[in-house]
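Read the structure below first, then the notes.
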Amino acid sequence: MAGRPIDARGWIFEVEDHAAPDTWLRIGKLKSWNVNPGENEETADTTTFDSEGHYEQDVMQRGATLSLEGLYAATSGTQDPGQAYIDDVWAYRLGEESRGRMRYRHTSQTTWAVWECTVTPGEAGGETNDKTSWAATFTRCGAPTSAAVTVPAGFTTLAATDTQGDKTLAAADTKGGTK
């Protein structure tokens, strides 16, 4: 039996706080995302007379980008933590410091895709009756890695929940509740 399609809104995207390793900040209020696994790919033409008129190539470099678009999110003047980290901290780092880590997964998955990457802030704007837009593009540096989704101390299971319109990961405690 073929699997069912998964919803695009069920993806979670987080950035790591450079000042506090293994502290991940969720990026909120997203409306769309796109991953391009062929971005920055480079090939070498290997066509010879032996190819008998057929093109041949070898991939010499792999790359990828991930673009996020959403709404600028702020409550009482405090911007969404993930958006604020990208806009106010990561966007100003240069050279070796320009690299950081981001991770993403679907709520139905038990493994994070983890990238060492750079980030390029996107355009923001809007018109008279619009909400302000927000965007960022991550460019992967090196090969991707993965990490298991872990259960926080004191909890027994993980469950995807919808809290006030934000897709978040909640952990069910030993009494069956969520935190």
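What separates the Cα centres of the stretch 95-125 and the stretch 44-76 is a distance of 18 Å.
With K and R counted +1 and D and E -1, the other residues having a Cβ less than 10 Å from that of Ala44 yield a net charge of -4.
Karplus-derived 3J(HN,Hα) values for the stretch 42-57, using 6.51 cos²θ - 1.76 cosθ + 1.60 with θ = phi - 60°, are 10, 10, 10, 5, 10, 5, 9, 4, 5, 6, 6, x, 9, 5, 9, 8 Hz; glycine and proline are entered as x.
Leaving out ligands and nucleic acids, and using a 1.4 Å probe, what accessible area per residue does the stretch 31-151 come to in Å²?
Values: 7710 Å² over 121 residues.
Each residue of the stretch 31-151 exposes 64 Å² on average to a 1.4 Å probe.
Of Val59, Tyr104, Gln83, which is farthest on the positive side of the dipole of the stretch 12-105, counting Cα position, with +1 on Lys and Arg Cβ, -1 on Asp and Glu Cβ, and the Cα centre as origin? Value computed over the given set: Gln83.
Backbone N atoms of the stretch 92-134 closer than 11 Å to the 7 Å Cα→Cβ label point of Ala148 belong to residues 111. Here the label points at Phe49 and Lys131, each 7 Å from Cα along the C-beta direction, are separated by 6.5 nm in the simple model.
Within the accessible area of the stretch 59-152, what % is carbon and sulfur when the probe is 1.4 Å and the other protein chains stay in place?
Working: 2560 of 5380 Å².
With neighbouring chains kept in place, the figure for the stretch 59-152 is 48 percent.
The values are calculated or read from the model by the stated rules, or taken from the named source; none is laboratory data. Being a predicted model, the structure only gives us computed values, none of them experimental. Note: ideal-geometry Cβ built from the backbone for every residue, glycine included; neighbour counts use all protein chains shown. Quick note on the areas: whole protein, heavy atoms, side chains included, nothing else; ligands and nucleic acids left out. Shrake-Rupley method; radii C 1.70, N 1.55, O 1.52, S 1.80 Å.
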